[in-house]
Amino acid sequence: MWQPTSLFLRTEFIFWREYSVIEDIGDALIITTPENPFWHWGNLIVLKEWPRREQTKRWRDMHFTRIAPLQPISNRLLVWEGIPKDKDFLEAYSADGLIFSTFDVLQLDELYKQPTHRSDILIRAIPDSDEEWHSVIAMNVESFSTLYDDSEYRNFAEQRFAHYRKMVRKGIGHWYGAYINGELAGSLGIFRGDGLCRFQEVAVRPRFRRQGIAATLVYETARTAQQEYSGYPQIIAADADGDAIRIYRALGFKKDSLSYALRERR
């Protein structure tokens, strides 16, 4: 099967290999995750090169025949390997209802503890306990559901965290929580594969934000991963205009590349 070279797609394969159905059709991969039809990044088309304008109908038809029947709500998503050599395709795909977006892919260079580091926070791995994982899901939903449809996001999160928990059981990674006075204030995951580590779902409860919790949680997780997964580059993806990327940069993550996508206009 085709192996991408980009750090983003290589680390996405950590999760696709575990729980998705991957079909190589020559110039693209069709990826579906029947166990979680709400996971947009688990039900998509991955092109091996940037999209061509003359293929607009082909990829639309491919989505509606191969992916949409598995989704409660159709959500088209195209991603690809490499830098687009031109942007002639954008007009055609925009007319077809897709939005072009990018995000930064960062790699940890040298890890720096921040002045806002919180020594009073307990950082620990989430054990294999239903109660503990349910609390992580509840915290994640509270953190992110305002950005998405609440019921759809909850369905996504419940299935996604069931997958994360199974991966932790297999020894592929860890999930960590940040606790303040016994309350779960934030959490994240880190998983390994193909000689790389990838951060997932860095979340902080709204009432605990801007208090140094995310920076402390990422720092301590990265420091632990440097010891456990020595020599594995640590990768994280973030919106270039978001608040989170400023935290990651301050901690020592540096931009490796851009990742590109065409997603359905909602």
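The values are calculated or read from the model by the stated rules, or taken from the named source; none is laboratory data. Bear in mind the structure is a predicted one, so any value in this text is a computation, not a measurement. Please note: Cβ atoms are built from the backbone with ideal geometry, for glycine as well, and neighbour counts cover all protein chains shown.
Per-structure values
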read-out	value
Selected residue (criterion: nearest to the chain's Cα centre (by Cα)) from residues of the range 194-207 that are among the basic types (Lys, Arg) and surrounded by 15 or more Cβ atoms within 10 Å (Cβ to Cβ)	Arg198
Residue in the range 66-73 that is hydrophobic (A, V, I, L, M, F, W, C) and loosely packed, with under 13 Cβ neighbours inside 10 Å present	yes
From the options Ser101, Ser74, Ser94, residue that is over 21 Å from the mean Cα position of the chain (by Cα), of a type outside the set (Phe, Trp, Tyr) and farther than 30 Å from Ser230 by Cβ	Ser94
Residues of the range 115-129 satisfying the condition of being touching a Phe, Trp or Tyr at 6+ places or on another chain (Cβ under 7 Å), in a loop (DSSP other than H, G, I, E, B) and not β-branched (Val, Ile, Thr)	His117
All positions within the range 208-232 that are surrounded by fewer than 16 Cβ atoms within 10 Å (Cβ to Cβ) and either under 16 Å from the mean Cα position of the chain (by Cα) or on the phi > 0 side of the Ramachandran plot (or both)	Arg210, Gly231
Top-ranked residue in the range 33-63 [being in contact (Cβ under 8 Å) with a residue 60 or more places away in the chain and among the aromatic types (Phe, Trp, Tyr); ranked as surrounded by the fewest Cβ atoms within 10 Å (Cβ to Cβ)]	Trp50
Contacts under 9 angstrom Cβ, first residue in the range 115-130 being farther than 12 Å from Gly182 by Cα and basic (Lys, Arg), partner at pLDDT 95 or above and in a loop (DSSP other than H, G, I, E, B), 6 or more apart	Arg118/Gln211; Arg118/Gly212
Residue count for the range 47-71, restricted to those that are out of contact with any Phe, Trp or Tyr (no Cβ under 7 Å at 6 or more places or on another chain) and either under 22 Å from Leu258 (Cβ atoms) or not hydroxyl-bearing (Ser, Thr, Tyr) (or both)	16
